[in-house]
Amino acid sequence: MQNLASQVAISEVLNPTLGVTEQVLAVHKLVVQDGNPLILEVDKDSEPGAYYLYFKIEDEPYHFVIVIREEGKNLVASAAYIEAAIRVYLSICSTTLHPREITKKVKLNPTKIHVLGELKYPRISHRKFTQNYWYFEPQKGMPGNLENKLKFLLDRLETKQSAIANKLKHI
């Protein structure tokens with residue numbers, strides 16, 4: 001059933017029946033993979049009998065969502081909307097530890113780092129980072145609500161909890 005919901009959502013993108021879809025696609029491009037709009041996630045748990053399909057919009061910090069519901073014996077696109085991207089991450093800042101050292105201590109690979117003294121903006125030479133920054137964002141670019149993303153991050157950190165607590169108290 002989920003595959004059929006995906007097909008219906010892609011069909012809605014390619015041949016819009018909803019006014020919102022037409023409006024969104026008139027000003028935004030969706031990320032395409034293998035010739036089809038890329039579906040980032042299918043949420044079948046938020047509402048019984050409905051599928052929420054999340055599409056990535058090129059160069060934007062939000063997602064295009066198409067809701068597929070049963071109508072009689074068919075699945076149809078019943079709603080569409082834009083949803084802001086939510087970011088949940090662990091950030092560690094230090095003036096004494098390089099991001100490489102932080103990685104060794106917490107035993108997690110960062111998704112992004114900035115090094116003390118590094119230029120913040122390539123064209124502005126006087127703006128430099130005044131600390132080392134280390135970020136861990138396990139669901140970067142993925143749709144989801146705050147509660148689910150926070151739970152996901154905490155679940156990843158739980159196995160590293162003692163290492164993080166023991167190593168970081170000496171920073």
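The values are calculated or read from the model by the stated rules, or taken from the named source; none is laboratory data. All figures in this text were calculated on a predicted structure; none of them were measured in a lab. With ideal geometry, Cβ positions are generated from the backbone for all residues, glycine too; neighbour counts draw on all protein chains shown.
In segment 50-59, is there at least one residue being under 30 Å from Ser162 (Cα atoms) and either at pLDDT below 95 or of a type in the set (D, E, K, R) (or both)?
Scanning segment 50-59 turns up no residue that is under 30 Å from Ser162 (Cα atoms) and either at pLDDT below 95 or of a type in the set (D, E, K, R) (or both).
Taking segment 128-171, which residues are hydroxyl-bearing (Ser, Thr, Tyr) and at pLDDT 90 or above? Explain how you work it out, then say what you get.
Narrowing segment 128-171 to residues hydroxyl-bearing (Ser, Thr, Tyr): 130, 133, 135, 159, 162.
If the condition is that a residue be hydroxyl-bearing (Ser, Thr, Tyr) and at pLDDT 90 or above, then Thr130, Tyr133, Tyr135 are the ones that fit.
Sort out which residues of segment 82-108 are part of a strand (DSSP E or B) and surrounded by 14 or more Cβ atoms within 10 Å (Cβ to Cβ), and write them in order of number. Reasoning before the result, please.
Start the filter on segment 82-108 by keeping residues that are part of a strand (DSSP E or B), which leaves 82-84, 90-94.
Result: Ile82, Glu83, Leu90, Ile92, Cys93, Ser94.
Can we say Lys149 is surrounded by 13 or more Cβ atoms within 10 Å (Cβ to Cβ) and closer than 30 Å to Leu25 by Cα?
yes
Considering every residue within segment 5-15, establish whether at least one is among the polar types (S, T, N, Q), closer than 22 Å to Gln139 by Cβ and touching a residue at least 12 places away in the same chain (Cβ under 8 Å).
The answer is yes; a qualifying residue exists.
When you scan segment 64-76, do you find a residue that is under 13 Å from the mean Cα position of the chain (by Cα) and under 17 Å from Pro16 (Cβ atoms), even just one?
So far as segment 64-76 goes, yes, one or more of its residues are under 13 Å from the mean Cα position of the chain (by Cα) and under 17 Å from Pro16 (Cβ atoms).
Would you point out the residue of segment 109-139, among those that are in a loop (DSSP other than H, G, I, E, B) and of a type in the set (D, E, K, R), that is surrounded by the fewest Cβ atoms within 10 Å (Cβ to Cβ)?
Arg123
Is it fair to say Leu53 is touching a Ser or Thr at 6+ places or on another chain (Cβ under 7 Å), within 24 Å of Asn148 (Cα to Cα), in a strand (DSSP E or B) and among the hydrophobic types (A, V, I, L, M, F, W, C)?
Here the answer is yes, as Leu53 does meet what is asked.
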